[in-house]
Amino acid sequence: MSGNIFDDFLSRKTLFVDKEVLRHDFRPKNLPHRQNEIEKLSFNLVEALNGHIPSNMTLYGVTGAGKTAVTSYVCDELEAKGREINRPVQSIMVNCRQIDTQYRVLSHLGNSLLESHEIDEIPFTGWPTDRVFGELVRRMDNRGGVFVIILDEIDHLVRKAGDDLLYNLTSINASLKSARACVIGISNDLKFTDFLDPRVRSRLGQSDVVFNPYDAMQLQNILRQRAQGALIEGALDDSVIALCAAIAAQEHGDARCALDLLRVSTEKAEQSGDECVTQAHVRMAQHQLEADQMHPVLSSLPSQQKLVLASILLNERNGLRNIQTGEVYDVYAQACRYVRQNPLTQRRVSGLISNLDMLGLITARTVSRGRYGRTKEINSCIPQNIDAEGIMVESEAQMKEVFERPYRHQSRL
Ligand SMILES: Nc1ncnc2c1ncn2[C@@H]1O[C@H](COP(=O)(O)OP(=O)(O)OP(=O)(O)O)[C@@H](O)[C@H]1O
Ligand SMILES: [Mg+2]
């Protein structure tokens, strides 16, 4: 045989014009259905161009509601206008899920203001926090102008490290001489300000913007616009956009999920050598995305949690539905013996069952049994196409033992 193994792939007709357009970090030129939010941000931030300090803001909304996209878009426009009219404005966005301590946020901010002739990076660790803060202030003053400091996914940092960073940043204008700054906090969690000191809360919450979830019609418009630059004409069957939008709207109006569905559906169509994307490809994509989400959750469960989930699955393998806590515990205790672990008490196991419920791996409904008290009715809810046993065994070898040994099940009278 001659030729290169990639020849065939390269000569296949592709349905994408530019796949990047469907990626999460692509910045579209306009953001349909976010005009109000864009206006609220701009209304406040225009102060920077008038030589004043904009109010601090908090932006809330479910995941995929366009908070990061809208903020980046508005800040790009703001910086461009600032350059045009010679009013220096600089925005710096920090993702507090990745950069999640006060020290790291401050050093990141400081290092992003390094002039090209300066080589003194603030070290990754080791300085007292006041020194990092002082250095940040010095560099901001050196540059001058107005800074918009955006703390994206701030709820993560506050939950982990408290609100010292917010306290310091929202009072930074008292330390600055020539520069000025405002802070925009972005959060998934409406209640995150409950964790804040009242002083920080009132300083940060000068102006709030809530991003509502997108509905199915809005998601359709967003997808249609993104598909235009990303896919060749005629790549999509009529109902594909509507189906992707409907699935994402059911989730919770997440534009990221809708974009993923469209991109993976198109990849599925390409892989099968089809000329256009159909509803069947969307269903395949939906299954794959569900599996991709579930995999890290299942494989990172702590050992005891895996044993409890395995006990639920083993009861189901035995034909049971609406499994009771006692039935789970019975199999769990046997499984513990097989892997030489001490079983936890039934009370602790009941707590682990609630955790699995919270993670969306099972549903546990509390039911009353009259004078026999209350029990839980437990059912797994892992999609059928996902090999939960396989994933648990792959991440922890001793689980193999758990799934392969025989069990004595309680009999139901
Ligand atoms: N109105 C819109 N028009 C076009 N694309 C959008 C729109 N809203 C969101 N998107 C796209 O959806 C994806 C998710 O948006 P974004 O990252 O802004 O969500 P988010 O609210 O910040 O979510 P999270 O809370 O998870 O960070 C991005 O790729 C973004 O470009
Ligand atoms: Mg975001």
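Tabulated results
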quantity	calculated
Enumerated helices (runs of 4 or more DSSP H) restricted to segment 87-181, each holding at least 2 residues that are within 16 Å of ligand 1 (Cβ to nearest atom), closer than 24 Å to residue 54 by Cβ and at pLDDT 90 or above	154-161
Count of residues meeting criterion [of a type outside the set (Lys, Arg) and open to solvent by 60 Å² or more (accessible area, probe 1.4 Å)] in segment 338-354	4
All positions within segment 249-302 that are among the aliphatic types (A, V, I, L, M), open to solvent by 40 Å² or more (accessible area, probe 1.4 Å) and without any contact (Cβ under 8 Å) to a residue 60 or more places away in the chain	280, 284
Test: residue in segment 223-244 that is within 13 Å of ligand 1 (Cβ to nearest atom), surrounded by fewer than 20 Cβ atoms within 10 Å (Cβ to Cβ) and not in a helix (DSSP H, G or I)	no
Selection within segment 252-285 - in contact with a helix residue (DSSP H, G or I) (Cβ under 9 Å, 6 or more places away or on another chain) and within 16 Å of ligand 2 (Cβ to nearest atom)	253, 254, 255, 256, 257, 258, 259, 260
Flag for residue 40 being at pLDDT 95 or above, more than 16 Å from ligand 2 (Cβ to nearest atom), in contact with a strand residue (DSSP E or B) (Cβ under 8 Å, 6 or more places away or on another chain) and basic (Lys, Arg)	yes
Within segment 197-207, tally of residues that are modelled with pLDDT under 90 and assigned to a loop (DSSP other than H, G, I, E, B)	2
Flag for residue 335 being closer than 30 Å to residue 34 by Cβ, of a type in the set (A, V, I, L, M) and open to solvent by less than 10 Å² (accessible area, probe 1.4 Å)	no
Residue list for segment 360-413, restricted to those being of a type in the set (Phe, Trp, Tyr) and either modelled with pLDDT of 95 or more or closer than 20 Å to residue 331 by Cα (or both)	403, 407
Flag if residue 2 is more than 14 Å from ligand 2 (Cβ to nearest atom) and either among the polar types (S, T, N, Q) or at positive phi (or both)	yes
Single match in 139, 143, 159, 131 (criterion: open to solvent by less than 20 Å² (accessible area, probe 1.4 Å) and free of Cβ contacts under 8 Å to residues at least 60 places away in the same chain)	139
Scope segment 130-173; condition in contact with an Asp or Glu (Cβ under 8 Å, 6 or more places away or on another chain) and polar (S, T, N, Q); matching residues	142
Near pairs, Cβ below 9 angstrom, 6+ apart or cross-chain, from segment 1-14 (open to solvent by less than 100 Å² (accessible area, probe 1.4 Å)) to any residue that is part of a helix (DSSP H, G or I)	4/10; 12/270; 14/270
Residue count for segment 35-80, restricted to those that are among the basic types (Lys, Arg) and either away from ligand 1 (no atom under 15 Å from the Cβ) or more than 20 Å from the chain's Cα centre (by Cα) (or both)	1
Some residue of segment 107-125 being assigned by TED's automatic domain parsing to the domain that holds residue 185, over 18 Å from residue 181 (Cβ atoms) and crowded, with 17+ Cβ neighbours inside 10 Å	no
Members of segment 182-191 that are within 16 Å of ligand 1 (Cβ to nearest atom) and either of a type in the set (S, T, N, Q) or in contact (Cβ under 8 Å) with a residue 40 or more places away in the chain (or both)	184, 185, 186, 187, 188, 189, 190
Flag for residue 171 being open to solvent by 30 Å² or more (accessible area, probe 1.4 Å), within 30 Å of residue 70 (Cβ to Cβ) and of a type in the set (Gly, Ala, Ser)	yes
Matching residues in segment 26-57 - criterion: being part of a loop (DSSP other than H, G, I, E, B), open to solvent by 40 Å² or more (accessible area, probe 1.4 Å), under 30 Å from residue 167 (Cα atoms) and not small (Gly, Ala, Ser)	50, 52, 53
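The values are calculated or read from the model by the stated rules, or taken from the named source; none is laboratory data. Nothing here was measured: the structure is a model prediction, and the numbers come from that model. Here Cβ is always computed from backbone atoms with ideal geometry, including for glycine, and neighbour counts include all displayed protein chains. To get the accessible areas, we keep the full protein, side chains included, count just its heavy atoms, and leave off ligands, DNA and RNA. Shrake-Rupley method; radii C 1.70, N 1.55, O 1.52, S 1.80 Å.
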